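First comes the structure, then the notes that go with it.
The values are calculated or read from the model by the stated rules, or taken from the named source; none is laboratory data. If you're wondering where the values come from, they're calculated on a predicted model, not measured in any experiment. FYI the Cβ positions are ideal-geometry reconstructions off the backbone, even for glycines, and counts take in every protein chain you see.
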Amino acid sequence: MTSVPKSLPILSNIYKISADIRETTERVAVNKTQCEQLSERIDTLIGFLAQRDLSKCLNEAMHKALDRFETFLLQCLEYISTFIEASWFKRIVSNKEYEKKFQDLNR
């Protein structure tokens, strides 16, 4: 896990959620490829955040963007988790819905 300045607890939350997404992605059996692609995109963004010293540029707009990113990550984690918990019947019936949701999250 990336070390986080104590002054930026939101980054700590973001890094924790991204690690949870990575771990959850490893446990899914259905739609694994899509889950992995989404997780990789998230890791790319997290890598970018980890390379920056955001404590110097954390203004209201940046904090709002980080809040929205945290919300997005929570939505991704919740969605990916459905592929561990969803029954096989629900996955088959909802396949088109899942495909559209992945497209939305990957935009």
Exercise. Considering every residue within the range 25-46, establish whether at least one is more than 11 Å from the chain's Cα centre (by Cα), farther than 13 Å from Leu77 by Cα and among the charged types (D, E, K, R).
Key: yes
Quiz prompt | Ser81 modelled with pLDDT of 90 or more and part of a helix (DSSP H, G or I) | solution = yes
Self-check item: Filter pass, Arg91 being at pLDDT below 95 and not in a helix (DSSP H, G or I)
Solution: no
Quiz item: Take the residues of the range 11-70 that are of a type in the set (Val, Ile, Thr), more than 17 Å from Ile84 (Cβ to Cβ) and free of Cβ contacts under 8 Å to residues at least 40 places away in the same chain: which is surrounded by the fewest Cβ atoms within 10 Å (Cβ to Cβ)?
Solution: Thr44
Quiz item: Would you call Lys16 under 14 Å from the mean Cα position of the chain (by Cα) and at pLDDT below 85?
Solution: no
